[in-house]
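As structure tokens, the structure follows; a few thoughts come after it.
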Amino acid sequence: MAGPFDSHLNRVFSKGFYRDKDFDFSVRCVLGASAHGGSDVGEVLAAIDGVPDGDHQRWFDAWLALGRRVRADADAERDAGRTVSASSSYLRAATYFAVAVNAASALKHDDPLLPTFRLQRSSWDAFVDACGQRVTRVQIPYDGTTLPGYFFRTVGHEQRPTLIMVNGSDGAISDQWSSGAGAALARGYHVLMFDGPGQQSMLFERGTRFRADWGAVLTAVVDFAVAQDGVDPDRLVGYGISQGGYWLPSALATEHRLAAAVADPGVVRVAASWESSIPASLMKLFHAGKREAFDRDMALGMRLSPTAARTWKFRARPYGQDSYYDTLAEVDRYVLSDTEAARITTPLILTAPEHEQFWPGQSEMLAERTGGRAEVVHFTAAEGADYHCQPLARRLTETRVFARLDQILT
């Protein structure tokens, strides 16, 4: 019998599409979006076919070109009155532009970032207009300003359960369509999606920062949701994707009106995903509070790796700090303490994929801290469902998650 490392075996899934971990994970996420129409497998694989490992400029160019081509197809279909085809193409274009937005972070200059984001958001808005769903653009009152969002209504006039999507650190709002929104609408939920502080349009257009205390954000969103016609206030559900798996549970420590919540995955300490890529010697300086030495040695390392420096700048932007030390210190504030977790009364569903690369073991840690009010749902590589947020197994994810939500809500 062949062993797992026999060289003649074709192991596309386990070996991946690229040696570069970021490239490989991005491809997996985009292919997974095909489950709800967010991508077309052939055009994705054709677009990256000539992109070498680690070539960030060609990586960006490939996704931008694919987005432009599909967007042009969408415009042509819309102008011809073929709205179904236009809708499909706009959604795919939004997905591809979203990869290009993140890819722009590793370029020598960030000039393409804002125009690429605007292409992404306008493609999503065009999808919203053409998709045939009952959807309203909304402005959610929050802290003296508003959060832009979209309220999708399911069919019927009776009160329905409502899914409130909470995004991650750098995901596009359009990605939420394939990460829960589309599945919820198909199951009779209303869906409320929005940009929170430091996310997408709030960051790129308004320059707002993240905030660790998301209770104020979630409370504002819930206040808005329960005021909408057709929303059953007793069947509100939160869905936090990626770093939203920290924001949502942390908010539930003070906001108790949700009937259930999903953290995909659960996150109790955001900084763990940052520290895993920082040498141990530098982390010793950080933990010792040696700010100048940490900044000096980090700056030296970044000069040796310009791509890493640009990626750090992109990831650090929404935290609003200037130095390496201050940025990491700010990220280190994003911790769900035992005391906060103990105040969560909402039933929690926590995904826990094998090979979780950013916050391994944290779903189990969060479940323990809630004292039994959370269920951990495991996913494995043998099911094609490993890695952060199970990118190639979104149908399997929604099947398991919504089955558990049904049990809670009925």
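List of remarks:
- Every listed requirement among (1) modelled with pLDDT under 95; (2) in contact with an Asp or Glu (Cβ under 6 Å, 6 or more places away or on another chain); (3) within 18 Å of Gly198 (Cβ to Cβ) is met by Gly171 save one, (2).
- Subset tally (residues that are in contact with a Phe, Trp or Tyr (Cβ under 7 Å, 6 or more places away or on another chain) and farther than 17 Å from Leu203 by Cβ) for the stretch 100-133: 7
- Single residue of the stretch 130-155 satisfying the filter (closer than 19 Å to Ala184 by Cα and without any contact (Cβ under 8 Å) to a residue 40 or more places away in the chain) that is least open to solvent (accessible area, probe 1.4 Å): Thr154
- Taking the stretch 290-309 as the range and being outside any helix (DSSP H, G or I) and either in contact with a Pro (Cβ under 6 Å, 6 or more places away or on another chain) or within 14 Å of Ala329 (Cβ to Cβ) (or both) as the test, only Lys290 passes.
- Some residue of the stretch 229-245 being within 26 Å of Val401 (Cβ to Cβ), surrounded by fewer than 17 Cβ atoms within 10 Å (Cβ to Cβ) and of a type in the set (D, E, K, R): yes
- Of the criteria (1) within 25 Å of Asp386 (Cα to Cα); (2) at pLDDT 95 or above, which one Ala216 fails: (1)
- Test for Ile173: is it on the phi < 0 side of the Ramachandran plot and in a strand (DSSP E or B): no
- Only one entry of Leu107, Leu113, Leu66 meets the criterion of being crowded, with 22+ Cβ neighbours inside 10 Å and either of a type outside the set (Asp, Glu) or in contact with a strand residue (DSSP E or B) (Cβ under 8 Å, 6 or more places away or on another chain) (or both), and that entry is Leu66.
- Among the residues of the stretch 204-223, just one is among the hydroxyl-bearing types (Ser, Thr, Tyr) and either within 20 Å of Leu336 (Cα to Cα) or touching a strand residue (DSSP E or B) at 6+ places or on another chain (Cβ under 8 Å) (or both), namely Thr219.
- All positions within the stretch 273-289 that are part of a helix (DSSP H, G or I) and open to solvent by less than 30 Å² (accessible area, probe 1.4 Å): Ser273, Trp274, Leu282, Met283, Phe286
- Qualifying residue in the stretch 117-131 (condition: assigned to a strand (DSSP E or B) and among the β-branched types (Val, Ile, Thr)): no
- Restricting attention to the stretch 246-257, the residues being open to solvent by less than 10 Å² (accessible area, probe 1.4 Å) and closer than 22 Å to Leu185 by Cβ number 1.
- Taking every residue in the stretch 237-248 that is part of a strand (DSSP E or B) and pairing it with any residue that is hydroxyl-bearing (Ser, Thr, Tyr) and open to solvent by less than 10 Å² (accessible area, probe 1.4 Å), at least 6 positions away or on another chain, the pairs with Cβ-Cβ distances below 8 Å are Val237/Thr162; Val237/Tyr189; Gly238/Thr346; Gly240/Tyr246.
- Every condition in (1) within 26 Å of Leu282 (Cβ to Cβ); (2) touching a residue at least 40 places away in the same chain (Cβ under 8 Å); (3) open to solvent by 20 Å² or more (accessible area, probe 1.4 Å) is met by Glu292 except one, and the failing one is (2).
- Any chance Glu364 is open to solvent by 20 Å² or more (accessible area, probe 1.4 Å), under 22 Å from Ala259 (Cα atoms) and either in contact with a strand residue (DSSP E or B) (Cβ under 8 Å, 6 or more places away or on another chain) or modelled with pLDDT of 95 or more (or both): yes
- Per-region count, the stretch 189-214, residues open to solvent by 10 Å² or more (accessible area, probe 1.4 Å) and either out of contact with any Gly (no Cβ under 6 Å at 6 or more places or on another chain) or not polar (S, T, N, Q) (or both): 12
- Once the stretch 9-28 is narrowed to residues that are of a type in the set (D, E, K, R) and over 16 Å from Cys389 (Cα atoms), the residue that is most open to solvent (accessible area, probe 1.4 Å) is Arg19.
- Cβ-Cβ contacts under 6 Å between residues 6 or more apart (or on different chains), taken from a first residue in the stretch 34-46 that is over 15 Å from Ser174 (Cβ atoms) to a second residue that is of a type in the set (Gly, Ala, Ser), are listed as Val41/Ser34.
- The stretch 356-385 - residue that is of a type in the set (D, E, K, R) and assigned to a loop (DSSP other than H, G, I, E, B) and, of those, nearest to Gly245 (Cα to Cα): Glu356
- Condition met for Thr351 (in a loop (DSSP other than H, G, I, E, B) and touching a helix residue (DSSP H, G or I) at 6+ places or on another chain (Cβ under 7 Å)): no
The values are calculated or read from the model by the stated rules, or taken from the named source; none is laboratory data. Owing to the predicted nature of the structure, the values given are computational and were not obtained by experimental measurement. Ideal geometry is used to build each Cβ from the backbone, glycine not excepted, and the neighbour counts take in all protein chains shown. We work out accessible area using only protein heavy atoms, side chains counted, and drop any ligands, DNA or RNA first. Shrake-Rupley method; radii C 1.70, N 1.55, O 1.52, S 1.80 Å.
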